[in-house]
Protein chains: 2
Amino acid sequence: MATIKDVAKAAGVSIAAASLALNGKGSLSEETRAKIIETAERLNYKPNALAKGLVTSNKINTIGIIIPKPGTEFLPFVGMDILGGIGEVANEKKYNMLLDWEEGLGGTKVLDLVRSGIVRGLVFFLPLNDVTTFRALNDLNFPYVLMSRPPEGVYCSWVDVDNVDAAYQATVSLIKAGHTRISFSSPGPIDFLVSSDRHSGYRQALLSHNIAYDESYVSIGNGDIQSGKAAMTHFLSLKEPPTALIAGSNLLAIGMLESLKEHGLDHRDKAIITFDDSPLAESYGISAIHIPTNTIAKESARLLIKRIGHTRRVEPENIVIDAQLIVRNTFVPAR
Amino acid sequence: MATIKDVAKAAGVSIAAASLALNGKGSLSEETRAKIIETAERLNYKPNALAKGLVTSNKINTIGIIIPKPGTEFLPFVGMDILGGIGEVANEKKYNMLLDWEEGLGGTKVLDLVRSGIVRGLVFFLPLNDVTTFRALNDLNFPYVLMSRPPEGVYCSWVDVDNVDAAYQATVSLIKAGHTRISFSSPGPIDFLVSSDRHSGYRQALLSHNIAYDESYVSIGNGDIQSGKAAMTHFLSLKEPPTALIAGSNLLAIGMLESLKEHGLDHRDKAIITFDDSPLAESYGISAIHIPTNTIAKESARLLIKRIGHTRRVEPENIVIDAQLIVRNTFVPAR
DNA sequence: CTGAAAGCGCTTACAG
DNA sequence: CTGAAAGCGCTTACAG
């Protein structure tokens with residue numbers, strides 16, 4: 001493959017002149033500049049990113065995306081949506097996208113990635129995080145952005161919806177529709193911030209409307225279809241089953257609908273609101289709190305790239321994105 | 001961050017000795033080697049991948065994954081499954097994963113990626129491909145693997161299921177269940193190889209069983225839910241509607257089921273077999289040809305990494321993975 | 001068994 | 001306006 005040396009030789013100039021011309025720097029005559037650029041194109045020259053990175057920032061123009069290991073607790077729709085959003089911004093700004101996840105719970109891979117110089121910044125999409133990794137990144141003054149609120153004790157940039165408020169609004173809309181027996185099913189373990197935030201919003205909404213918080217109306221578990229079925233079965237077994245259900249995830253809601261069917265009921269019998277709107281929720285006609293993951297991803301990438309531009313230590317920035325209730329078939333008023 | 005110079009100085013040895021020790025090469029005394037390694041750990045030393053890559057292969061240990069742009073015609077479940085599979089192998093072999101897609105139809109980004117030295121090999125997951133890019137890669141002797149059969153005129157390594165055979169088997173199983181009016185809906189435009197292969201298998205199965213091929217039983221279009229509804233509506237409007245339907249994609253099949261419901265029918269009224277099994281198909285109880293995308297991804301990554309190991313030009317390798325019919329609720333015999 | 005030197009492909013002051 | 005030189009962090013023959 002052609003190197004800058006080849007280009008310089010073919011154009012009959014020095015290597016330095018070639019470099020300057022190709023980077024639009026220095027003061028070359030328009031003539032030589034044009035000749036160099038033309039020669040580079042003719043030779044299909046593309047600067048070696050490693051050499052360039054080594055001599056400039058010691059890093060390569062790549063942003064690392066850290067996600068949960070595929071096949072674990074997160075919706076593929078959300079995953080692809082995020083990758084698409086980050087990629088759109090990255091492409092525009094000429095950054096590459098490196099995808100990775102931690103194999104276990106420790107955070108060693110991320111730090112190795114950083115130290116190896118392969119990435120110039122990181123975007124994290126993780127439900128649960130170990131504080132030490134983020135601390136270490138802070139100490140290195142290494143740019144990163146979370147696509148969620150940071151865990152307790154971490155001071156950093158993040159982009160997220162207000163999950164507490166979203167859950168609050170969802171619950172209130174059900175209360176306004178006349179429901180008083182409203183259940184809540186968490187999208188994952190309660191120590192995931194997203195779970196506890198949504199639970200908190202739900203609880204606050206009940207209490208501010210003088211509805212007692214009842215633990216038997218709460219299920220904590222995974223966010224998959226099976227859990228949804230199990231939750232619905234449990235709720236239906238109560239002496240006073242809930243008339244409205246808040247499902248922490250799409251798959252939960254789908255499981256609930258299926259379970260309803262198995263019990264001879266359908267979507268007209270229970271109000272269901274889910275989080276994380278997706279084509280799935282749409283096709284099932286499930287009312288959903290639309291979390292604009294694509295927007296969150298884009299904003300995160302923008303924040304990160306802006307941050308990469310600063311070499312000095314700068315203040316973290318935070319962006320709160322609005323979530324929105326989308327009413328579909330499963331939003332039925334209390335009878 | 002610590003460099004090899006820092007390590008050498010702290011350990012009181014030359015830079016060369018440090019490099020040798022850390023790479024397990026050369027002949028150092030066990031004592032100095034141990035001291036160097038220990039020092040490196042203490043300093044959190046991690047070799048700069050750019051410098052290392054520059055001096056060795058001129059490339060970095062990264063495999064590029066080229067997928068369709070997210071949000072376009074492909075199932076997120078499949079996408080995440082593939083990323084998970086490739087990532088598993090890549091992690092094991094100490095490769096990073098770079099994710100990318102072409103913005104338009106030309107293939108310039110891929111070649112730029114290759115020329116910039118950021119990737120050592122490529123895995124392609126694309127329905128449609130331009131021959132020129134692959135030719136250029138061949139000319140550079142650059143390692144790549146397709147997760148699908150190559151387009152006409154491209155000689156390369158690939159891993160895929162036999163879509164013709166899978167469609168053939170699916171169709172035959174319906175014929176054996178007594179169906180003679182069997183429809184086929186393509187998963188995408190017919191010039192996608194996957195579409196034409198499946199269509200071909202379907203057609204061959206009919207003809208080998210003396211069933212006339214009838215164009216009104218064939219719909220060509222996108223693989224989304226809307227197309228599924230449209231196809232079902234069309235089929236139901238025929239004087240003699242099909243009794244069994246082959247849906248080229250999951251979303252198509254779901255659209256068909258929904259449309260059935262809208263027409264007052266359900267899954268017991270029509271046999272439906274879909275391609276690309278997923279948790280979705282499972283939860284809907286749709287019979288599916290299970291395409292083991294995760295396995296295809298892993299095999300592709302293995303093939304690629306093996307190929308990267310050869311500097312000489314070697315013969316391409318091909319792997320055909322078996323697909324398997326999974327019978328669920330929507331497999332009903334003809335009445 | 002260990003150190004000094006060259007070089008990977010590039011950029012950036014620094015001379016002329 | 002252009003060229004010669006140093007250097008980014010590493011590895012690998014090559015001397016000693």
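The values are calculated or read from the model by the stated rules, or taken from the named source; none is laboratory data. Values in this document were obtained by computation on a predicted structure and should not be read as measured data. Backbone-built Cβ (ideal geometry, glycine too); neighbour counts: all protein chains shown. Heavy atoms of the whole protein, side chains included, go into the accessibility calculation; ligands, DNA and RNA do not. Shrake-Rupley method; radii C 1.70, N 1.55, O 1.52, S 1.80 Å.
Relative to the longest principal axis of chain B, what angle (0 to 90°, nearest 10) does the C-alpha long axis of helix B:250-262 take?
Between helix and principal axis, roughly 30 degrees.
Could you name the aspartates and glutamates whose alpha carbon sits less than 20 Å from that of B:Lys93, not counting residues in the same chain fewer than 8 places away?
Within reach: A:Asp100, A:Glu102, A:Glu103, A:Asp112, B:Asp81, B:Glu299, B:Glu317.
So what's the angle, to the nearest 10 degrees on a 0 to 90 scale, between helix A:76-92 and the longest Cα principal axis of chain A?
30
Counting only other chains, and only Cβ atoms inside 10 Å, what mean value do you get across the residues of A:6-17? Numbers along the way, then the final one.
Working: counts 0, 0, 0, 0, 0, 0, 0, 0, 0, 0, 0, 0.
Partner Cβ neighbours, averaged per residue: 0.
Given R₀ = 41 Å, what would the calculated FRET efficiency be for A:Glu317 paired with B:Thr108, taking r from the Cβ atoms and rounding to 0.05? Each step should come with its number before you reach the end.
Working: r = 34 Å, r/R0 = 0.83.
Working from the Cβ atoms, E equals 0.75.
Could you order peptides B:224-233, A:149-158 by the average number of other Cβ atoms within 10 Å of their residues, highest first?
Values: B:224-233: 22.4, A:149-158: 16.1.
So the order, starting with the most tightly packed, is B:224-233, A:149-158.
If you take every DSSP beta bridge fully contained in segment B:222-335, what fraction is antiparallel? Give it as a percent rounded to 5.
Details: 3 of 10 bridges.
Of all bridge pairs located within segment B:222-335, approximately 30 percent are antiparallel.
If R₀ is 56 angstrom, what is the calculated FRET efficiency for the pair B:Ser208 and B:Lys46, using the beta carbon separation as r and rounding to 0.05?
Working: r = 60 Å, r/R0 = 1.07.
Plugging the Cβ-Cβ distance into 1/(1 + (r/R0)^6) gives 0.40.
Averaged across A:222-234, how many Cβ atoms of other chains sit within 10 Å of each residue's Cβ atom?
Details: counts 0, 0, 2, 4, 1, 0, 1, 1, 0, 0, 0, 0, 0.
That works out to 1 on average.
Rank-order A:160-173, B:256-269 by packing density, defined as the average count of other C-beta atoms within 10 Å over each peptide's residues, highest first.
Averaged packing, sorted descending, gives the order A:160-173, B:256-269.
Quick one: grab the alpha carbon gyration tensor of segment A:177-335, order the square roots of its eigenvalues as a ≥ b ≥ c, and give me rounded if a/c is under 1.5, else prolate or oblate depending on whether a/b is larger than b/c.
The shape class here is prolate.
Given the pairs A:Lys52/B:Lys52; A:Lys9/A:Lys35; A:Lys59/A:Lys298, which span a C-alpha to C-alpha distance of over 19 angstrom in this model? Show your work: numbers first, answer last.
Details: A:Lys52/B:Lys52 13 Å; A:Lys9/A:Lys35 12 Å; A:Lys59/A:Lys298 22 Å.
Violating the 19 Å limit, Cα to Cα: A:Lys59/A:Lys298.
What length, rounded to one decimal in nm, is gained on full extension from A:Glu38 through to A:Ile326, with 0.36 nm per residue of separation minus their alpha-carbon distance? Can you show the working numbers first?
Details: separation 288, 0.36 × 288 = 103.68 nm, distance 5.43 nm.
The span from A:Glu38 to A:Ile326 would gain 98.2 nm if fully extended.
Using 7 Å Cα-to-Cβ label points, what is the B:Lys94/B:Lys306 separation (nm, one decimal)?
Result for the modelled spin labels: 2.1 nm.
Looking at the protein assembly as shown, send over the antiparallel percent of its DSSP beta bridges, to the nearest 5. Please report the intermediate quantities before stating the final value.
Details: 9 of 71 bridges.
Antiparallel: roughly 15 percent of the beta bridges in the protein assembly as shown.
Which percent, to the nearest 5, of DSSP beta bridges fully inside chain A are antiparallel?
Counting DSSP beta bridges with both partners in chain A, the antiparallel share is about 10 percent.
Could you give the angle, 0 to 90 degrees to the nearest 10, between helix A:163-176's Cα long axis and the longest principal axis of the Cα atoms of chain A?
30
Going by the alpha-carbon gyration tensor, a ≥ b ≥ c the square roots of its eigenvalues, is the protein assembly as shown rounded (a/c under 1.5) or, if a/c is not under 1.5, prolate (a/b greater than b/c) versus oblate? Write down the numbers at each step before the final one.
Values: a/c = 2.18, a/b = 1.33, b/c = 1.63.
Oblate is the answer for the protein assembly as shown, as a/c is 1.5 or above yet b/c matches or exceeds a/b.
Compute the distance from the alpha-carbon center of segment A:194-268 to that of segment A:96-175, in whole Å.
So the separation of the two Cα centres works out to 28 Å.
Residues of segment A:28-52 losing 40 Å² or more of accessible surface, assembly versus chain alone, probe 1.4 Å, please list them.
When all protein chains are present, A:Asn44, A:Lys46, A:Asn48, A:Leu50 each give up 40 Å² or more of accessible surface.
Can you give the mean number of other chain Cβ atoms that lie within 10 Å of the Cβ atoms in peptide B:66-72?
Details: counts 0, 4, 0, 5, 13, 7, 1.
Mean partner shielding for this stretch: 4.
Over all distinct Cα pairs, what is the inverse of the mean 1/r for segment A:4-47, reported as the Kirkwood hydrodynamic radius in Å?
Details: mean 1/r = 0.1021 Å⁻¹.
It is 9.8 Å.
For label points placed 7 Å from Cα toward Cβ, what is the shortest-first list of nm distances from A:Gly26 to its copies?
3.6
Note down the magnitude of the dipole of chain A about its Cα centre, charges +1 on Lys and Arg C-beta and -1 on Asp and Glu C-beta and zero elsewhere, to the nearest 20 debye. Please list the in-between numbers first.
On the way: 34 positive and 36 negative charges, 228 e Å.
Approximately 1100 debye in magnitude.
Any idea of the accessible area per residue across the protein assembly as shown, 1.4 Å probe, to the nearest Å²?
Ligands and nucleic acids excluded, the figure is 44 Å² per residue.
If each label sits 7 angstrom from Cα along the C-beta direction, how far apart, in nm, is A:Asn138 from its counterparts in the other copies?
5.5
Could the peptides B:311-324, A:295-308, A:314-327 be put in order, highest first, of the mean number of other beta-carbon atoms found within 10 Å of their residues?
On the way: B:311-324: 12.7, A:295-308: 22.1, A:314-327: 14.3.
Listed from highest to lowest mean packing, they are A:295-308, A:314-327, B:311-324.
Between B:His263 and A:Glu240, what is the FRET efficiency for a Förster distance of 45 Å, r being their Cβ-Cβ separation, to the nearest 0.05?
Efficiency at R0 = 45 Å is approximately 0.75.
Once the cut-off is 20 Å, how many percent of the Cα-Cα pairs in segment B:38-116 end up in the long-distance tail? Walk me through the numbers on the way to the answer.
Values: 1563 of 3081 pairs.
Of the Cα pairs, 51 percent sit more than 20 Å apart.
Please give the calculated 222 nm ellipticity per residue for the protein assembly as shown, where each DSSP H segment of at least 4 residues contributes -39500 (n - 2.57) and the sum is spread over every residue; nearest 500 deg cm²/dmol? Walk me through the intermediate numbers first.
On the way: 26 runs with 299 residues, N = 670.
Helix contribution divided over all residues of the protein assembly as shown: -13500 deg cm²/dmol.
Defining a contact as two alpha carbons under 8 Å apart and six or more residues distant in sequence, what relative contact order in percent does chain A show? Walk me through the numbers before you get to the answer.
Values: 604 pairs, mean separation 55.2, N = 335.
Computed over chain A, the figure is 16 percent.
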